[in-house]
Amino acid sequence: MTSTKSWQSYETLCNVLERNDIDYERNDENLCVKCSASGKDIQLNFLFVIHPSKMLVSLYSPVPVKIKRENYSNMALAVCIINNGLTDGNFCFEPSDGTVFFKMTSSFCDVNVSEELFEYMLSVAADTIDDYFLKISQIAKSEKPFEEDDGTTAKLADFFSQQR
């Protein structure tokens, strides 16, 4: 059963997207919304999910890269290094299929969700993916993966410290 607060959060999200002229698909039964926006280098796709039982809203955004199997361990390490420096949200690497996505979650348990929260989530997700997309792509496509005994962690940390 969907709580009133969950439904209100869902409607607030849809209002934000409409007000900002963002095309979206809504799934009222599952309280999910799909939308997209243009980033600096890529088209960004977002999925918002309202979790009534947990009183959470989550945003998921796939990073459109195809990761070579031999680069899986480097990508997992890179995601850890990136996440260590993020203030809000995180990247996830799924080794079963080699996908990377950005995730951000917020609770609405003791608060009324404002339009500003959804604008913030979209902004942070878009900016973070834009900031790291090229570096993630370089690792995904690398012809020469880092060797485990050649200082991989230091090399990746140095690689990402040059990000901004």
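Computed over protein heavy atoms with a 1.4 Å probe, the carbon and sulfur contribution to the accessible area of the chain reaches 48%. What angle do you read, to the nearest 10 degrees and between 0 and 90, between the alpha-carbon axis of helix 152-161 and the longest principal axis of the chain? On a 0 to 90 degree scale, this one is about 60. In sequence order, region 84-100 has phi-based couplings of 4, x, 8, 8, 9, x, 7, 8, 10, 10, 9, x, 5, 9, x, 8, 10 Hz under the Karplus curve 6.51 cos²θ - 1.76 cosθ + 1.60, θ = phi - 60°, and Gly or Pro positions carry x. Here the dipole of the chain is about 220 debye; that uses its Cα centre as origin and unit charges on the Cβ of Lys and Arg (positive) and Asp and Glu (negative).
Derived from the Cα gyration tensor, the three semi-axes of the equivalent ellipsoid of the chain are 33, 15, 14 Å, largest first. Under 5 Å from the amide H of Gly39 lie the amide H atoms of Leu44, each residue being 5 or more positions distant or on a separate chain, with H modelled from the backbone and absent for Pro and chain starts. Highest mean packing first, where packing is the average number of other Cβ atoms within 10 Å per residue, the peptides 27-36, 48-57 line up as 48-57, 27-36. Under a 5 Å amide H cut-off, with hydrogens placed 1.01 Å from N, Leu56 pairs with His51, Phe108 among residues at least 5 apart or on other chains.
The orientation-averaged projection of the convex hull spanning the C-alpha atoms of region 1-94 amounts to 7.8 square nanometres.
In order along region 117-133, the phi-based Karplus estimate (6.51 cos²θ - 1.76 cosθ + 1.60, θ = phi - 60°) of 3J(HN,Hα) comes to 4, 5, 5, 4, 4, 4, 5, 5, 4, 4, 5, 5, 5, 4, 5, 10, 4 Hz; Gly and Pro are listed as x. With the whole protein complex present, Glu11 retains an accessible surface near 50 Å², based on a 1.4 Å probe.
Per residue, region 1-85 exposes an accessible area of 56 Å² to a 1.4 Å probe, with every protein chain left in place.
Over region 49-131, Cα pairs under 8 Å with separation of 6+ residues give a relative contact order of 35 percent. Label-to-label distance, Asp97 versus Glu119, with points set 7 angstrom from Cα along the beta-carbon direction: 3.4 nm. Along the axis of the charge dipole computed for the chain (Cβ charges of +1 for Lys and Arg, -1 for Asp and Glu, origin at the Cα centre), the listed residues Pro95, Val111, Gln43 are led at the positive end by Pro95. Can you work out the FRET efficiency for the pair Gln43 and Cys109, with r the C-beta to C-beta distance and R0 = 41 Å, to the nearest 0.05? The pair Gln43/Cys109 has a calculated efficiency of 0.80.
The values are calculated or read from the model by the stated rules, or taken from the named source; none is laboratory data. Note that the structure is predicted; figures quoted are calculated from it, not measured. A quick note on method: Cβ atoms are made from the backbone with ideal geometry, for glycine too, and the neighbour counts reach across all protein chains shown. Areas reflect the complete protein model, heavy atoms only, side chains present, ligands, DNA and RNA absent. Shrake-Rupley method; radii C 1.70, N 1.55, O 1.52, S 1.80 Å.
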